[in-house]
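A.B. asks: Can you read through this structure? Questions will come right after.
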Amino acid sequence: MMEAVDILFSASLWGAVLRIATPLIFGTLGALICERSGVLNLGIEGIMTLGAMVAWMTVFQGGGLWTGLLVAALCGGMFGLLHAVLTVPLGLSQHVTGLGITLFASSLTYYIYRLALPVSSSPPTIEPFQPLAIPGLSDIPFFGEALFSQTAPTYLAILAIVVTAYILIRTPLGLAIRMTGENPHAVEAQGLNPTRIRIGAVVVGSALMAIGGSFLTTATFNSFFPTMVQGRGWVCIALVVFASWRPGKALLGALLFALFDAYQLRLQHVVEGGVPYQLFLMVPYVLSIVALIVMSRRARVPQALMAPYRKGER
Amino acid sequence: MTYRFSRRFILAATACLLPAIASPALAADKIKVAGIHASPVENAWNSRIHEALQSAADDGVIEYVFSEGVSGTDYARAMREYAEQGHDLIWGESYAVENEARQVAKDYPDVAFLMGSSGGPSGDNFGVFGTRNHEAAYLAGMLAGNVSKSNTFGSVGGYPIPEVNLLINAFRDGVREVNPDATFLNGFIGAWFDPPKAKEAAIAQIDAGADVIFGERIGTADGAKENNVLAIGSLIDYTPRYPGTVFANAIWNFRPTVDAIVADVKAGNPVGKDYTEFSFMKHGGNELIFVSDNIPADAISAMEAKQKAIKDGSFEVPINTDEPS
């Protein structure tokens, strides 16, 4: 039993937490920006898959790692635009369109991947992001290993949280986005265009989702598998609710989920005898639901979430 | 998804078949095989089968077409379409569709079926096979037992199904043979395709002291590589991908199974039987590929003696399908 507690104080565990959390942070942030403007984007799972493939393929074809991330963001943004055009000006069901985007993006990803590369038994590899030790900080005992020896996209994820929080809460642009999610008619009355704001938010949010997916193929692993996102996108959708649509809490939620996951991988071989491994695998999901129940009591849902805006309609 | 059926495809396929019907003498030479893969053929397990069938096709023994990424809900339909197209042998994996697959086989008594399955064969035309590279895993364990410094051995698996369990248990038995007081760790990731998670599982075991890790799933060796410990690959040869990290691989060869069933189909024998034995070492169904650097010479000779005993039948690697803890 002591061993199980000791794990919580190992730097390696916390290093793993940040690695597991990174794609979730990007994805949750992306979904949060979409939803703050009033659009639910269930295309996330497909967009993450697309981002994973596109970033990897760019690097595989000779591009740089950052170019790969950029191309992934652009492709993600394009699928975001598709989702936005269907759901914002055309006002289609956001659920159905989002699921359609997920199916479309993941199938298209598979198709392109198969067309571009011949069948091989072991998928080809690239040289991924290497852990980047921050000089000075990485020598601090414990925190150095846990926090300051990560790959570059992980630092970018933390930065993205800070920037998003600042823009959403402190700038006129952020106010406009939040207002569009609460009451688009009031935005219209202010002389702003809610349709444009929503489209912009969905495009940017989807670009972030794609970057989240690309982390899987350019940093933690170095090859692409068509089904490797493994539901991380859906976890992000739940984390947005957990975070009650706030960027800071989104970071907390992603870290908590990753902690459960990293912890259960270590618990599997510490707890002896007769405990089925499925119980451990369930832990992050069950604890997320519990946390969701506790947190969502005070959640403030954007009032116009999933309500299409039609000019002049009451 | 590339090899989709469409009306046009079927028309084209039928058009291609016409000359074959016109000259039955030619058609009798080659067995027409269709493979239906539930996963992308990059999946290590599928790739072994795909390559075996491909090599048989290259040798002119069979004609081979395939579909990949066929979901369980679509599986029986794909089987029927290939049967309707006049294929002699349909290879597949019926783990998720055991009942439906057997029904299809009943409806097409003239077509032979060979399925990766958790159940037994049925009828005259529904044969099954299991995956057995446990003998090679045992031998890999014997080498691992001699290269570990911490005496702690990890393993990362997908799900605890019998074919995964028996592999990990055989690896452990091999380690124990040379290293009776070894400690074992194990993690299941609950997914077949999640390399980042397999990597984290490996890192978790390295934290707990493991310095040789048996990677039933791809991604495991990435964790080992980052932390400068050793790993063992399963099914395919991972050494080119992780040089210096993966020092041994428990290779599975599917070609002996293909040759056995093709011979049966050609001879007109019923194929409703279990072809698992052709995955055993004495048939060349699995083998150990290893890098001898840094392995003590006496460890290698002990392993080779055991390999000889397995091949001549004087030693049998135990098959233990209990879930490793």
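Where a number appears in this text, it was derived from the coordinates with a stated rule and is not lab data. Worth saying up front: this structure is predicted, and the values here are computed from it rather than measured. Using ideal geometry, Cβ is built from the backbone for each residue, glycine included, and neighbour counts are taken over all protein chains shown.
A.B. asks: Which angle from 0 to 90°, rounded to the nearest 10, does the C-alpha axis of helix A:44-60 make with the longest principal axis of chain A?
C.D. replies: Taking Cα atoms only, the helix is inclined about 60 degrees.
A.B. asks: Where a ≥ b ≥ c are the square roots of the eigenvalues of the C-alpha gyration tensor, would you call the protein assembly as shown rounded, which needs a/c under 1.5, or, failing that, prolate if a/b is larger than b/c, or oblate?
C.D. replies: Cα axes put the protein assembly as shown in the oblate bin.
A.B. asks: Give B:30/B:266; B:149/B:306; B:149/B:308; B:282/B:308; B:199/B:225; B:106/B:273 a once-over and call out the pairs whose C-alpha atoms are over 18 Å from each other.
C.D. replies: Violating the 18 Å Cα-Cα cut-off are B:149/B:306; B:149/B:308.
A.B. asks: Counting each DSSP H run of 4 or more residues in the protein assembly as shown as -39500 (n - 2.57), what helix-only mean residue ellipticity at 222 nm follows after dividing by all residues, to the nearest 500 deg cm²/dmol?
C.D. replies: For the protein assembly as shown, the value works out to -17500 deg cm²/dmol.
A.B. asks: Follow-up question, since we're still on this one. Sort A:177-189, A:136-148, B:51-63 by the packing proxy (mean of other Cβ within 10 Å over each peptide's residues), most packed first.
C.D. replies: Packing proxy ranking, top to bottom: A:177-189, B:51-63, A:136-148.
A.B. asks: Can you quote the Å³ per residue value for the convex hull of the Cα atoms in chain B, rounded to an integer?
C.D. replies: Considering the Cα atoms of chain B, their hull volume per residue is 134 Å³.
A.B. asks: Still on this structure, I have one more. How big is segment A:243-314 by the Kirkwood estimate over distinct Cα pairs, in Å?
C.D. replies: Evaluated over segment A:243-314, this radius sits at 14.8 Å.
A.B. asks: If we sort A:278-288, A:29-39, A:237-247, B:114-124 on the protection proxy, mean other Cβ atoms within 10 Å, highest first, what's the order?
C.D. replies: Output ranking for A:278-288, A:29-39, A:237-247, B:114-124: A:29-39, A:237-247, B:114-124, A:278-288.
A.B. asks: If you don't mind, another one. Beta carbons within 10 angstrom, averaged per residue: use that to sort the peptides A:253-260, B:256-263, B:308-315, highest first.
C.D. replies: Most protected by this proxy first, the peptides run A:253-260, B:256-263, B:308-315.
A.B. asks: Would you tell me the mean number of C-beta atoms belonging to other protein chains that fall within 10 Å of each C-beta in B:34-46, as a whole number?
C.D. replies: 3
A.B. asks: Then there's this: Based only on other Cβ atoms within 10 Å, what is the fewest-to-most ordering of B:73, A:218, A:125?
C.D. replies: Arranged by neighbour count, lowest to highest, B:73, A:218, A:125 become B:73, A:125, A:218.
A.B. asks: Averaged over its residues, how many other protein chain Cβ atoms are within 10 Å of peptide B:152-158's Cβ atoms?
C.D. replies: Mean shielding by partner chains, rounded to a whole number: 1.
A.B. asks: I would also like to ask the following. What's the average, rounded to a whole number, of partner chain beta-carbon atoms within 10 Å of each residue's beta-carbon in B:212-219?
C.D. replies: 1
A.B. asks: While we're looking at this one, here's another question. Decide, for segment A:154-237, between rounded, prolate and oblate: order the square roots of the alpha carbon gyration tensor eigenvalues as a ≥ b ≥ c, take rounded if a/c falls under 1.5, and otherwise choose prolate if a/b is larger than b/c, else oblate.
C.D. replies: Note, shape of segment A:154-237 comes out prolate.
A.B. asks: Kyte-Doolittle mean at least -0.5 and Cα extent at least 24 Å along the axis: which DSSP H helices of chain B qualify?
C.D. replies: B:162-178
A.B. asks: Contact order normalised by length for chain A, with contacts defined as Cα pairs under 8 Å and 6 or more residues apart; what percent is it?
C.D. replies: Rounded, it is 36 percent for chain A.
A.B. asks: Right, next: Check residue B:213: other-chain or 5+ apart residues with amide H under 5 Å from its amide H, H built from backbone geometry?
C.D. replies: The answer is B:154, B:230, B:231, B:232.
A.B. asks: Go through segment B:121-177 and name the chymotrypsin sites (Phe, Trp or Tyr not before Pro) that are in a DSSP coil and have 13 or fewer other Cβ atoms within 10 Å of their Cβ.
C.D. replies: none
A.B. asks: Let me ask something else about it. Note down the relative contact order for segment A:116-159 as a percent, whole number, built from C-alpha pairs under 8 angstrom at least six residues apart.
C.D. replies: This gives 35 percent for segment A:116-159.
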